[in-house]
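Structure, as structure tokens:
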Amino acid sequence: LNRQNILNVGGTGPDNYTTIMSAIANASDGDTVFVHHDSSPYHEDIVIDKSITVIGENATTTLIEGTQYHYSTVKILADNVTFSRFTVENYPDRGIDLESNYSYITGNIVHNGDHGITVISSNHNTIQGNQITNQTPNGIALWIDDSNDNLILDNSIHDNKGGIDLVTA
């Protein structure tokens, strides 16, 4: 029997984690990390290196702010990851950095950085229903490099220096 766990971050219940990264570190493939908005903003950079779901309680109130210490605020390295319902903001370079396959980036607000969402050497992903705004100084909302068969649907891209940049190797 395969049991999938739900690991809670923030909130008021027992056994809740205080950081998103501590919950990810304790998660196993197939688990869900549910992030409550009442402990927002979360001041951390996260790396998702397991096939898990990371979901915020509400995209407008569950905030992840970059620490200015890392290249990416959210870095997705594992295949089959779902990252949904967050505001990712105030990051130095990349808001969401996708370097995996068969993953889902949906329903997020990504703003106030340099590159909103980057997709690098990644295939068969879905990027849907995200709002990507205010990318400066280079200002690329969605940067796709050496990637194939990705589905880009219903994203709102505005108030950026540049919109979508497609790069091939």
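The values are calculated or read from the model by the stated rules, or taken from the named source; none is laboratory data. Note that the structure is predicted; figures quoted are calculated from it, not measured. Cβ coordinates were reconstructed from backbone atoms using ideal geometry, including for glycine residues, and neighbour counts include every protein chain displayed. SASA here: full protein model, heavy atoms, side chains in, ligands and nucleic acids out. Shrake-Rupley method; radii C 1.70, N 1.55, O 1.52, S 1.80 Å.
Mind listing whichever residues of the stretch 50-75 are outside any strand (DSSP E or B) and modelled with pLDDT of 95 or more? Result: Lys50, Ser51, Ile52, Glu57, Asn58, Ala59, Thr60, Thr61, Thr62. Screening Ile64 on (1) of a type outside the set (S, T, N, Q); (2) touching a residue at least 40 places away in the same chain (Cβ under 8 Å); (3) on the phi > 0 side of the Ramachandran plot shows it passes everything except condition (3). Among the candidates Leu153, Leu142, Leu166, the residue that is modelled with pLDDT under 95 and farther than 18 Å from Ile55 by Cβ is uniquely Leu166. Scanning the stretch 95-137 for residues that are in a strand (DSSP E or B) and not acidic (Asp, Glu) yields a count of 27. Listed conditions (1) over 18 Å from His124 (Cα atoms); (2) surrounded by fewer than 23 Cβ atoms within 10 Å (Cβ to Cβ); (3) of a type in the set (Val, Ile, Thr); (4) under 11 Å from the mean Cα position of the chain (by Cα) are all met by Thr73, apart from (2).
When the residues of the stretch 6-18 are filtered to those that are in contact with a Phe, Trp or Tyr (Cβ under 7 Å, 6 or more places away or on another chain) and open to solvent by 40 Å² or more (accessible area, probe 1.4 Å), the one that is farthest from His36 (Cα to Cα) is Ile6.
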